[in-house]
Amino acid sequence: MPLTYNIPMFSILLVLMSAMVIPFFSKKSWGLNLIRGVEVVVAALSAVLLVQLSGAGESFTYQMGHFPAPWGNLLRCGPLEALLALVFSLVMILSLCAGAEDIRRDVRADRQGSYCVLMQLLFGSLLAMIYTDDLFTAYVFIEIAAVTACMAVVAKESGRSVVSAIRYLIFSCLGSGLVLLGIALLYCITGQLLCSSLEQAVMELVATRTYSLPLVVSALLMTLGLSIKSAQFPFHAWLPDAHASATTASSAVLSGLVLKGYLIILLKLILRVYGPSLLATTYMDDLLFLLGLTGMLFASVAALRQEEVKSMIAYSSSAQISYIFLGLGLGTDAGLIAACYQILAHAMTKSMIFSGAGAMIRASGGGHYWSQLRGAARRAPLGGLAFTVGGLSLCGLPLLAGFSAKYCLAIAALDAQWQTAPALFGLAASSVLNAMYYIPAILAIWGRGKEGERLPWKWEREGALALFLLCNVVLGTAFGPVRDLIEQGLNLF
Amino acid sequence: MLETILQQRYYITAVLLFSIGFVTLFLHPNLIKKIIGLNLMDTAVFLFLASMGYIEGGAAPIVEEGAKASQYINPVPGGLVLTGIVVAVSTTALFLALTIRLYRQYHSVNLDVILMLAWEGKAED
Amino acid sequence: MKNHNVREDWYHRFLRWAGGEEPEGAEGPEDPERAEFQEYLEYIEAHGYMEFGAYRLMRFRQRREKGLEDPRGSLHGPPAPEPEPVHPPRHHRPGKLRNQILLYRVLSAVIVITLAAIFLVVTMNLPLFGRADSPAVNEVSQRYLEQGLEETGAVNAVTGMILDYRAFDTFGESAVLFAAAMSTLLLLHSPKSRMRTFRGPDQVLSQVGRRVLPVILLFGVYVVVNGHLSPGGGFSGGAILGGGLILASLVLGEERMARMLPAPRTSKITVTCLLAYGLMKGYSFYTGANHVGWEVPKGIPGAILSGGFILPLNLCVGIIVACTMYTFYSLFLEGEG
Amino acid sequence: MIVLEVLLLAFLVFCALATVLGKKMVSSIIIFMSYSAVMSILWFLLESPDLAITEAAVGAGVTSLLFFLTLRKINAVKGMEKDEES
């Protein structure tokens, strides 16, 4: 076995254990530097793995311990997982760099160590969700993500953040309860927990037509639980407050990454456990499609009415998550590719927008209403640029990441059956709605506002924002290669 | 029918408890009750799992050398439940800590009242 | 509310304790805030628990009518330089609370009935309870039971499974505990509370506790150490040990306990054990997947020093759980008095 | 045996309803404690002593203790008003 195959296990353990080392340091700044350093290492390792796997066109399973497949825990990695790990670690580093000042200001000095621990545990749990092939392991790491994400919200000292954190926790617990019951039901009728063995067992059950009701109900329960956790439209009530009241880095990570972690599990359920054909016969994919379609429109309409910049961005996250559901619900390979593209594009774009908005809010002395942000982009030019590019990307300006994802989705919709017209209509309407709230916002921040100090130049923040911009443009222009990579990854998933 | 009900008694209790706990966590305005609901929900799933592992006539899985698997109950659900219990207690502790923090600020454990106070506070900023 | 003449049984004393009252004259009755608190409590009792906080809202309104400044102003960050023309919140009017409660009740009844109906139909279609031919009994559990003894060296199949076959889950679970401990630390610990007043041990409790405490601690250690031989293991033993530590803090007084196990020390112990756990499992993950390296000898099944890494892992998990439980307790107690 | 089991299970559901619908939070939590105790007995009957021990220590012990501490905290308002005004 090549040495590089150890990378998934090694990166998960490295991240989790680096989080556990932090309490030993008494100097506060070390924590942040340590976790960023570890993330750089993980990003580099994932890049190496990605190059190797996509070059060889293979995927592999890695047994955790001395015991083979159905007995021990298993990790599974192919090009798609490596790509996701790479993008996630990049987003994590850049968000933490761009939001570093806000962390120092918003989080009390004696709590910054704990904050770093929790962020790193969150990242570790996301990595584990990407790589794991075992449903129960996935559940455990979902819970870690729930606990730590909730604390990422509450780390900022304000009454509002505690209120939104508790709502977040309530919904998280509801979601994980449903997921756990779904896993238990599935275990009850198949006796397996590993995805690969589950797939066989489920196929057998479908062929012999036994236990079909529990099977469908378990799929429903898990889908419902995961869509509550990823704030898909009717269940998004907790999202805007939680994401808006957190500190900048937390908002960027929560919106960009945490929601996607749950969707990756959903993707695994669809592809590895139930299989697309079962979903089609039980109309599950139509359900996903309709959820996505309504979410695209309603969440965008809700975003229109927001007077706070971060609330608006948070609602827009819910709308963008719906695109992923739409892609999953199309039920075709192209739809799945589009969903994965949207996962990557939205991870990059949304965290960039949050970071840019954080810089602008800082430049306006903490005001987060639109009227206070008038002219903020002149005070924090790179932050304003990041917000502008991100907004335009979500509206669908060509050559940016958001456009490529939408294009992918539109191509996928053309091949679908009855879904073509509604999907295209939804895409168009939601793009118009996106433009309706992002364009006025962009005009407002570049407009003439009250005079203020320019935000002092910090390499940490400006560098991170510039890299964000670069990544976004790369993801938008390198449409072909990225799409091929995803396609290869999905074939090997 | 009645025989099946009697046979599946554990599963039936578990799903009843799950629905009670789920709704309490979802809709009860009192935060303490919500946390109790969370615990009910989790223990319900654990009961479901634990009863799934039971085999009539099986012994606890303290194995002896050369024994047949059929002498014992299935140990897998037991292990899962052990993991789950600890996860549940962690979430509960976090939830309770958040409740205490909220109470310090709003002097209430009723989520509706808290939300109302928070909204008023926001409007007056 | 206090009635010293009647001898109360322990239950009522306990109820009063849980109700937040201090034992026997801990403070003077002339405290003005105390009177206000009493009024508050009476209001709550008159209106049932649903109305918690409504009194506060009422007082808040009264103050605002009198033109006093908003006491909660400091809670929501520095006041904005220009007051915003924000719409008054539409869906959180106080008069609506009662309707909301009604709505909640109806909705909960409906949801309970639907959920229960769906699940009941599902349970009727599940494999029958207690049968040996249910799908969950398959080659996986068979191997755990039949070959677990030689493969892991643990007599207790459950311990062998969670610490050897499925050790990654267990690592994740310890990480959840650690995350929860860090979160409560972040939420409830404040440097101000170093000046907290320590309460001495309660007389009756201390007499009983002194005799029970060693037994509990010993039992906890036994359960942890024998985790691979008898029922129990790191989690159950750790929880018992944690309970013992909590009892110790009640018996010996929090001050002595806090000197012996201050919060930084517990977190360092926890972290050391977690790291040890991670290193041991990292080693066996690596060697297991690559089929290289030295394998830990399994020992004679049934002996205390057997099962390879299982005994040290159990010890680590036990210490992690015990420390975390104690951390929860001490943090929840912090800032009282 | 089966009668005992059914009785215990019915008691569980009853406890769950009582603890959710009860007015007094203290008594709710006491009922929750007995719920956990019954649950641990049931797991003992299901031949899972590991779970029974853990549930008895965690559910009936630590969780309930945390609940009581929280109740004590949230009813003890003393000194909080002062904090906010300063």
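The values are calculated or read from the model by the stated rules, or taken from the named source; none is laboratory data. This one's a predicted model, so the numbers in the text were calculated from it and none came from an experiment. FYI the Cβ positions are ideal-geometry reconstructions off the backbone, even for glycines, and counts take in every protein chain you see.
Per-residue answers, yes or no, for (1) closer than 20 Å to B:GLY84 by Cβ; (2) within 13 Å of the chain's Cα centre (by Cα):
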{"position": "C:GLU151", "(1), (2)": "no, no"}
{"position": "C:MET161", "(1), (2)": "yes, no"}
{"position": "C:PHE168", "(1), (2)": "yes, no"}
{"position": "C:ALA181", "(1), (2)": "yes, yes"}
Determine whether A:ALA444 is among the small types (Gly, Ala, Ser), over 21 Å from A:VAL309 (Cβ atoms) and part of a helix (DSSP H, G or I).
-> no
Has the stretch C:291-310 got any residue that is outside any helix (DSSP H, G or I), away from chain D (no Cβ under 14 Å) and among the polar types (S, T, N, Q)?
-> yes
Does any residue in the stretch A:169-180 that is closer than 20 Å to C:ALA116 by Cβ and more than 8 Å from every other protein chain (Cβ to nearest Cβ) come within less than 7 Å, Cβ to Cβ, of a residue that is of a type in the set (Phe, Trp, Tyr) and in a helix (DSSP H, G or I) six or more places away or on a different chain, and which pairs are these?
-> A:VAL179/A:TYR139
Can you give me the number of residues within the stretch A:94-125 that are out of contact with any Lys or Arg (no Cβ under 8 Å at 6 or more places or on another chain), over 30 Å from C:ASP169 (Cα atoms) and modelled with pLDDT of 90 or more?
-> 0
Being more than 7 Å from chain B (Cβ to nearest Cβ), surrounded by 24 or more Cβ atoms within 10 Å (Cβ to Cβ) and outside any strand (DSSP E or B) narrows C:SER141, C:SER134, C:SER174 down to just C:SER174
All but one of (1) facing another protein chain (nearest Cβ under 7 Å); (2) in a helix (DSSP H, G or I) hold for B:ALA44, so report the exception by its number.
-> (1)
Across the stretch A:220-249, what is the number of residues that are under 14 Å from A:ALA146 (Cβ atoms) and either modelled with pLDDT of 90 or more or hydroxyl-bearing (Ser, Thr, Tyr) (or both)?
-> 5
Among B:GLY79, B:GLY84, which is the only one that is in a helix (DSSP H, G or I), touching a residue at least 12 places away in the same chain (Cβ under 8 Å) and not hydrophobic (A, V, I, L, M, F, W, C)?
-> B:GLY84
Name, by its number, the condition in (1) buried (at least 22 other Cβ atoms within 10 Å of the Cβ); (2) modelled with pLDDT under 90; (3) assigned to a helix (DSSP H, G or I) that does not hold for B:ILE32.
-> (2)
Qualifying positions in the stretch A:15-49 - farther than 22 Å from C:ALA180 by Cβ, crowded, with 20+ Cβ neighbours inside 10 Å and within 12 Å of chain C (Cβ to nearest Cβ) = none
Going through the stretch A:307-346 one residue at a time, which ones are in contact with a Phe, Trp or Tyr (Cβ under 7 Å, 6 or more places away or on another chain) and not polar (S, T, N, Q)?
-> A:GLU307, A:GLU308, A:VAL309, A:MET312, A:ILE313, A:LEU326, A:GLY329, A:LEU330
When you scan the stretch A:65-168 for helices (runs of 4 or more DSSP H) that lie fully inside it, which ones turn up with 3 or more residues that are touching a helix residue (DSSP H, G or I) at 6+ places or on another chain (Cβ under 9 Å) and acidic (Asp, Glu)?
-> A:100-106
Condition test on A:VAL258, is it touching an Asp or Glu at 6+ places or on another chain (Cβ under 9 Å) and closer than 24 Å to A:ALA85 by Cβ?
-> no
Report yes if some residue within the stretch A:203-224 is outside any helix (DSSP H, G or I) and either within 10 Å of chain C (Cβ to nearest Cβ) or surrounded by 23 or more Cβ atoms within 10 Å (Cβ to Cβ) (or both); otherwise report no.
-> yes
Listed residues D:ALA10, D:ALA16; which is under 26 Å from C:ALA116 (Cβ atoms), assigned to a helix (DSSP H, G or I) and under 10 Å from the mean Cα position of the chain (by Cα)?
-> D:ALA16
Members of the stretch A:188-202 found to be part of a helix (DSSP H, G or I) and within 10 Å of chain C (Cβ to nearest Cβ), listed by number = A:CYS188, A:ILE189, A:THR190, A:SER197, A:ALA201
Just wondering, is there one or more residues in the stretch B:9-17 that are at pLDDT 90 or above, at the interface with chain C (Cβ under 7 Å from one of its Cβ atoms) and within 13 Å of the chain's Cα centre (by Cα)?
-> yes
